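The structure appears right after this line, and notes come after that.
The values are calculated or read from the model by the stated rules, or taken from the named source; none is laboratory data. As the structure is a computational prediction, the values presented were derived from the model and not from experiment. Counting neighbours? That spans all protein chains shown, and the Cβs are built from the backbone with ideal geometry, glycine included.
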């Protein structure tokens, strides 16, 4: 059976904690990884980058993915500036031992038609991936499924698994893969069989969440979710079972955007998150 390893992302839980505290919380509550914080790593002297990774190992932890420090939707000048800075940031992540990064696909646009947006994304993904690939960093793209989000602008864009695979195929790179999220999978009306159509090496990272039971699928809001397994609205077991079937052996994190967690002490938020993640894994 493939190994799914729990990844603590304090940022995804709405928490602002220092790296050392995140490590202690992850170790205390049984996580296997801590999401890589490029901002923290960039502030370390070069000779301490490898040490940060060793400290994780000493606590029985590893690095989770880092966020991509490039905005694929930025205007041309900003995108060019971020792309120029990317090799230096990749070198930092590589020195620390981080091996994957990802970002999300904005599923609509008010000016660019689907075809024009597709062409722009394809070109920009390829440019970014060339640099990431050189630093041995896998690159994951996350589609965003809620209709309440992608229908708010004139031209809907990629918001399903099938479309994401088409976009990745257009880049021609085997280094680009998918960040899967139960919430987007559910709101896109996808099934475990859709996931079984994937190869394990197409999946870079996984997020698990649940949806509100008192809302229909097309009424779910992107930034208002629930901890995994708490409402039973999403078939988390079927989702994870399909990933095990294909042999996925990577990180799994929780990104609930939950109003119930907002304002709680960091330790309590992590404890509740760990309990929900352990229950579904």
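Within the range 53-65, does at least one residue satisfy the condition of being over 30 Å from residue 240 (Cα atoms), out of contact with any strand residue (DSSP E or B) (no Cβ under 9 Å at 6 or more places or on another chain) and at pLDDT 95 or above? Taking every residue of the range 53-65 in turn, none turns out to be over 30 Å from residue 240 (Cα atoms), out of contact with any strand residue (DSSP E or B) (no Cβ under 9 Å at 6 or more places or on another chain) and at pLDDT 95 or above. Hey, among the residues in the range 86-120 that are more than 28 Å from residue 54 (Cβ to Cβ) and either without any contact (Cβ under 8 Å) to a residue 24 or more places away in the chain or touching a helix residue (DSSP H, G or I) at 6+ places or on another chain (Cβ under 6 Å) (or both), which one's surrounded by the fewest Cβ atoms within 10 Å (Cβ to Cβ)? Out of the qualifying residues, it is 115.
Annotation: residue 152 fulfils all but one of (1) assigned to a helix (DSSP H, G or I); (2) over 19 Å from the mean Cα position of the chain (by Cα); the unmet one is (1). Within the range 255-281, the residues that satisfy the criterion of being part of a loop (DSSP other than H, G, I, E, B) and over 16 Å from residue 226 (Cβ atoms) are 263, 265, 281. With the condition kept exactly as written, say whether any residue in the range 10-20 is farther than 20 Å from residue 207 by Cα, part of a helix (DSSP H, G or I) and at pLDDT 95 or above. Looking for residues that are farther than 20 Å from residue 207 by Cα, part of a helix (DSSP H, G or I) and at pLDDT 95 or above, one finds none in the range 10-20, hence no.
Evaluating residue 83 against the criteria (1) buried (at least 18 other Cβ atoms within 10 Å of the Cβ); (2) within 30 Å of residue 112 (Cβ to Cβ) leaves one unmet condition, (1).
Among helices (runs of 4 or more DSSP H) lying entirely in the range 158-254, which contain 3 or more residues that are surrounded by fewer than 19 Cβ atoms within 10 Å (Cβ to Cβ)?
On the way: elements: 161-171, 182-187, 192-196, 236-246.
Answer list for the range 158-254: 161-171, 192-196, 236-246.
For the range 55-85, the tally of residues that are within 30 Å of residue 25 (Cβ to Cβ) and assigned to a helix (DSSP H, G or I) stands at 4. Here residue 102 fulfils each of the conditions (1) modelled with pLDDT of 95 or more; (2) assigned to a helix (DSSP H, G or I); (3) in contact with a strand residue (DSSP E or B) (Cβ under 9 Å, 6 or more places away or on another chain) apart from (2).
Where residues in the range 255-277 are under 23 Å from residue 98 (Cα atoms) and under 17 Å from the mean Cα position of the chain (by Cα), which of them is surrounded by the fewest Cβ atoms within 10 Å (Cβ to Cβ)? Filtering the range 255-277 for residues that are under 23 Å from residue 98 (Cα atoms) and under 17 Å from the mean Cα position of the chain (by Cα), the one surrounded by the fewest Cβ atoms within 10 Å (Cβ to Cβ) comes out as 255. Under 17 Å from residue 242 (Cα atoms) and either modelled with pLDDT of 95 or more or touching a helix residue (DSSP H, G or I) at 6+ places or on another chain (Cβ under 9 Å) (or both): does that describe residue 196? So residue 196 passes the test.
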